[in-house]
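The structure under discussion appears below in the form of structure tokens.
The values are calculated or read from the model by the stated rules, or taken from the named source; none is laboratory data. Owing to the predicted nature of the structure, the values given are computational and were not obtained by experimental measurement. Because the Cβ atoms are built from the backbone with ideal geometry, glycine has one as well, and the counts that use them run over all protein chains shown. With ligands, DNA and RNA removed, areas are computed over all heavy atoms of the protein, side chains included. Shrake-Rupley method; radii C 1.70, N 1.55, O 1.52, S 1.80 Å.
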Amino acid sequence: MPQQPLADIGLIGLAVMGENLALNIADHGFKVAVYNRTTDIMRKFIARENPPGGLVGCETIQQLIAAVKRPRKFIILVKAGPAVDAVTQQLIEAGIDTDDIVVDCGNSLFTDTIRREKQYADECKFFGSGVSGGEIGARFGPSLMPGGDPNSWQHLRPIWEAIAAKVDPKTGKPIETATPGHPVTTGVPCTAYLGPNGAGHYVKMIHNGIEYIDMQLIGEAYWLMSNLLGLKAPELSRIFATWNQGDLDSYLIQITADILQQPDPMHMGDYLVDYILDTAGQKGTGKWTSTNALDMGVPANSITEAVFARFLSALKHERIDASKPLTGPTPSYTGNKEQLINAVRDALYCSKICAYAQGFQLMREAQKEYNWKLDFATIAAIWRGGCIIRARFLQKITDAYTRNSDLVNLLLDPYFNDQIKTGQTNWRNVVSLAATNGLPAPAFMSAMAYYDGYRSVRLPANLLQAQRDYFGAHTYERTDQPRGQFYHLDWPEPSRPQIAIVKGAGGGH
Ligand code: NBP
């Protein structure tokens with residue numbers, strides 16, 4: 001019997017992401033050997049889906065290794081965490097070569113990827129690649145965020161570029177016409193090498209952090225319009241659909257319009273959104289982004305606020321109890337409806353700019369911390385298609401970083417600065433309306449606090465530093481002396497002030 005040609009790549013983990021990614025790879029003409037811990041799942045998958053010659057089912061890790069051509073490439077798509085190490089160890093114990101490439105495509109914490117690359121360096125090339133777009137993205141074109149050994153990338157690149165989402169080179173808009181067996185093969189792929197070790201998973205984590213705040217902002221826009229204007233789901237759907245024709249054009253706005261027009265299957269004439277319990281879940285990537293911001297001292301307050309908003313939503317029983325004794329105004333708005341809708345649109349756009357500014361500020365700091373050289377124009381470009389935050393807006397970010405790759409903050413780019421200049425009166429009015437009507441809008445408000453804080457020459461931190469020196473002798477710098485000179489005042493005895501220069505930088509505990 002003639003021997004079967006070896007597979008181009010192996011894939012481990014046939015849950016929703018693994019199955020869809022395997023089919024996507026096969027659609028592009030690559031042969032994929034697939035393995036799953038529970039063999040029956042693999043057998044059923046092959047029986048159900050095997051496109052002509054595209055998939056090779058393997059019952060053991062040894063079979064999988066034997067089925068893939070050298071240098072072997074393996075994608076791991078198992079539950080993030082210890083399972084990734086378990087699978088990597090199995091591959092190593094089963095005899096993969098040092099040149100074989102093991103790519104973790106799950107939502108792994110980037111520090112785990114940094115650790116794994118080092119830990120397995122003598123046994124294989126461990127590589128991390130973020131994947132965004134959920135099951136549909138995995139099937140027809142995700143945004144792929146690879147990071148690891150640059151030579152390994154050259155082996156992965158043809159597959160990654162083939163299976164990634166594509167955008168139109170002229171407009172930057174996603175080309176979304178793939179169907180099973182008919183993949184999109186033209187356009188600019190939404191993938192690029194991002195840097196060594198954990199860079200890919202780091203960028204994916206920031207993507208997810210931005211996704212949290214993008215969703216929270218849309219939720220607040222929906223909530224303000226429905227409470228202040230009394231709008232019902234179908235009308236709100238039409239507003240979001242209209243917004244989707246302009247600067248806010250994005251996947252999340254588009255699905256919001258779709259969701260709001262969905263009738264409830266259990267109540268004729270009603271809309272599903274009104275019956276969905278108002279408690280949001282989360283899988284932790286927003287928390288990782290927030291923790292990273294706190295660790296690095298980067299003010300990503302809106303991203304963090306979006307995570308807290310989910311935590312607050314989860315306190316449903318407490319909120320019901322608290323709604324009785326805790327009073328506030330009853331929402332009421334008597335102004336012009338169209339003006340308010342436009343104002344909410346502007347508030348959403350201005351806040352979104354601030355949220356992305358925070359995400360990119362985080363990446364700017366991380367590249368120093370982890371010794372990467374991230375290309376921000378490229379990162380925005382590979383988010384234009386395939387991923388959950390895909391949006392017309394990302395082309396503007398690509399343009400901003402193409403104009404100036406050293407841009408300190410997105411807010412300082414002329415386009416984004418102009419947008420905030422144009423929209424900020426409306427934005428401020430919406431934030432005021434939210435506050436005076438007792439409607440929570442933490443993302444709109446925190447984005448504005450970020451904007452106003454970032455543009456302030458002086459902040460009240462002088463008083464704060466004085467307090468720190470008063471109670472803890474943490475020292476302070478003076479506005480009339482060079483930076484780096486630290487002073488301490490003997491505060492409790494103001495009749496005998498003593499000023500002393502504390503030597504060295506960064507006094508305090
Ligand atoms: P899950 O995260 O639900 O993981 C299930 C898979 O992991 C199954 O194939 C399971 O095998 C395998 N597995 C587990 Br659990 N423990 C294992 C172990 N110790 N050894 C070997 N295999 C093990 O799958 P998913 O939802 O497809 O997601 C895969 C990865 O992609 C995750 O990291 C996820 O965070 C990420 N991701 C998911 C999405 C999404 O929309 N779902 C989007 C983007 C990224 P079994 O069948 O034998 O139990």
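Filter the helices (runs of 4 or more DSSP H) completely within the range 6-86 down to those with at least 1 residues that are among the acidic types (D, E) and open to solvent by 20 Å² or more (accessible area, probe 1.4 Å). The helices (runs of 4 or more DSSP H) meeting that bar are 16-27, 39-49.
Taking the listed residues Q254, Q262, Q245, Q216, the one that is assigned by TED's automatic domain parsing to the domain that holds W288, open to solvent by 60 Å² or more (accessible area, probe 1.4 Å) and under 21 Å from the mean Cα position of the chain (by Cα) is Q254, with no other qualifying. Of all residues in the range 384-391, none satisfies being in a helix (DSSP H, G or I), outside the structural domain of S129 (by TED's automatic domain parsing), in contact with a helix residue (DSSP H, G or I) (Cβ under 7 Å, 6 or more places away or on another chain) and at pLDDT 95 or above. The residues on offer are V167, V203, V184, and the sole one that is modelled with pLDDT of 95 or more and more than 28 Å from A293 (Cβ to Cβ) is V167.
All of (1) crowded, with 18+ Cβ neighbours inside 10 Å; (2) among the β-branched types (V, I, T); (3) within 16 Å of the chain's Cα centre (by Cα) hold for T291 with one exception: (1). Of the set (1) more than 12 Å from the ligand (Cβ to nearest atom); (2) at pLDDT 95 or above; (3) in a loop (DSSP other than H, G, I, E, B), all apply to S108 but (1). Look at the range 100-120: where a residue is open to solvent by 50 Å² or more (accessible area, probe 1.4 Å) and a partner is part of a helix (DSSP H, G or I) and modelled with pLDDT under 95, sitting 6+ places away or on another chain with Cβ atoms under 8 Å, you get N107/T285. With respect to being in a helix (DSSP H, G or I) and open to solvent by 30 Å² or more (accessible area, probe 1.4 Å), M363 falls outside the description. Quick check on the range 122-132. Is at least one of its residues buried (at least 20 other Cβ atoms within 10 Å of the Cβ) and assigned to a helix (DSSP H, G or I)? Checking the range 122-132: not a single residue is buried (at least 20 other Cβ atoms within 10 Å of the Cβ) and assigned to a helix (DSSP H, G or I). Out of the range 323-342, which residues are in a loop (DSSP other than H, G, I, E, B) and either open to solvent by 100 Å² or more (accessible area, probe 1.4 Å) or acidic (D, E) (or both)? The answer is K324, L326, T327, T330, T334. Of all residue pairs spaced 6 or more apart or on separate chains, those with beta-carbon atoms under 7 Å, a first member in the range 49-64 that is within 24 Å of I96 (Cβ to Cβ) and a second member that is assigned to a loop (DSSP other than H, G, I, E, B) are G54/K31; V56/K31; I61/A94; Q62/A94. Looking across the range 52-102, the residues that are over 15 Å from H155 (Cα atoms), hydrophobic (A, V, I, L, M, F, W, C) and more than 16 Å from the ligand (Cβ to nearest atom) come down to V56, A66, A67. Scanning the range 392-420 for residues that are open to solvent by less than 10 Å² (accessible area, probe 1.4 Å), in contact (Cβ under 8 Å) with a residue 60 or more places away in the chain and within 24 Å of V188 (Cα to Cα) turns up F393, L394.
In the range 421-439, the residue that is farthest from A309 (Cα to Cα) out of those that are in a loop (DSSP other than H, G, I, E, B) and either touching a Ser or Thr at 6+ places or on another chain (Cβ under 8 Å) or without any contact (Cβ under 8 Å) to a residue 12 or more places away in the chain (or both) is N437.
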